[in-house]
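Down below is the structure, laid out as structure tokens.
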Amino acid sequence: VPAHVAIIMDGNGRWAKEKGMERYEGHRKGVESVRTILKAANRKGVGYLTLYVFSTENWGRPKEEVDMLMELLCRSIRNEMAELKAEGVRVRITGDKVNMPAEVREHIEIIEKETAGCSNINLQLALNYSSRSEIIRAVRLLAEDVVAGTLSTDNIDAETFNTRLY
Ligand code: IPE
Ligand code: MG
């Protein structure tokens with residue numbers, strides 16, 4: 001059993017189009033797929049399930065679709081909270097939380113707090129995530145410590161770098 005499974009969510013729109021449905025129906029179906037995958041991963045004993053849910057680039061989609069996706073995310077968090085806790089799913093978000101709509105940030109904070117004690121499986125949602133932004137942020141944090149004199153450049157290695165990642 002793999003320790004960590006990562007999935008890039010894609011094809012919601014194409015799935016809906018094939019069935020003669022609207023894109024949002026595909027996104028709703030995507031939530032159902034998440035439920036199925038999460039249950040299976042939990043049952044099999046996968047330690048970490050990472051889902052790439054929404055990239056930084058996805059903000060460039062039509063406003064109605066972005067709004068729909070954010071609403072779907074918040075609604076799913078509200079609807080699934082009790083079951084996630086019951087099944088021991090610890091939810092954490094990886095991505096730029098600072099530049100997210102306030103409502104989404106509030107929902108994320110709640111689900112992270114509510115499931116903090118769960119330990120069966122870790123569900124990581126990559127939200128407003130970009131690997132480039134993550135690396136740049138880490139570099140900036142390291143540079144700040146060097147400027148402040150609390151970190152020497154000689155001590156920058158993989159481990160110190162790791163501690164600055166999301
Ligand atoms: C994945 O499905 C969902 C998100 C990225 C939010 P898409 O919306 O990318 O669906 P396709 O690729 O257009 O079919
Ligand atoms: Mg796509």
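Could you list, in sequence order, the residues of segment 54-69 that are part of a helix (DSSP H, G or I) and within 16 Å of ligand 2 (Cβ to nearest atom)? Scanning segment 54-69 gives Thr56, Glu57, Asn58, Trp59, Gly60, Glu65, Val66, Met68, Leu69.
Sort through Arg14, Arg61 and tell me the only one that's of a type outside the set (Gly, Ala, Ser), over 22 Å from Thr94 (Cβ atoms) and either within 12 Å of ligand 1 (Cβ to nearest atom) or in contact with a strand residue (DSSP E or B) (Cβ under 8 Å, 6 or more places away or on another chain) (or both).
Arg14 is the lone residue from the list that is of a type outside the set (Gly, Ala, Ser), over 22 Å from Thr94 (Cβ atoms) and either within 12 Å of ligand 1 (Cβ to nearest atom) or in contact with a strand residue (DSSP E or B) (Cβ under 8 Å, 6 or more places away or on another chain) (or both).
For a quick check of your reading of the model, give me the residue pairs whose first member lies in segment 105-119 and is more than 11 Å from Leu84 (Cα to Cα), whose second is surrounded by fewer than 16 Cβ atoms within 10 Å (Cβ to Cβ) and basic (Lys, Arg), with beta-carbon atoms closer than 8 Å and at least 6 apart or on different chains. Close Cβ pairs (under 8 Å, with a partner that is surrounded by fewer than 16 Cβ atoms within 10 Å (Cβ to Cβ) and basic (Lys, Arg)) amount to Arg105/Lys97; His107/Arg78; Ile108/Lys97.
Yes/no per residue for (1) at pLDDT 95 or above; (2) closer than 29 Å to Arg43 by Cα:
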| position | (1), (2) |
| --- | --- |
| Glu80 | yes, yes |
| Lys97 | no, no |
| Glu103 | yes, no |
| Glu114 | yes, yes |
| Gly117 | yes, yes |
| Leu123 | yes, yes |
| Leu127 | yes, yes |
| Ser131 | no, no |
| Ile135 | yes, no |
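Of Glu32, Glu71, all but one fail to be surrounded by 12 or more Cβ atoms within 10 Å (Cβ to Cβ), among the acidic types (Asp, Glu) and more than 12 Å from ligand 1 (Cβ to nearest atom); the exception is Glu71.
Restricting attention to segment 10-27 and to residues that are crowded, with 18+ Cβ neighbours inside 10 Å and closer than 19 Å to Ile77 by Cβ, the residue that is nearest to ligand 2 (Cβ to nearest atom) turns out to be Asn12. Checking Leu38, Leu51, Leu72, Leu84 one by one, the residue that is within 16 Å of ligand 2 (Cβ to nearest atom) and part of a helix (DSSP H, G or I) is Leu72 and no other.
The values are calculated or read from the model by the stated rules, or taken from the named source; none is laboratory data. Model, not experiment: these values are computed from the prediction. Every residue, glycine as well, gets a Cβ built from its backbone with ideal geometry; the counts of neighbours run over all protein chains shown.
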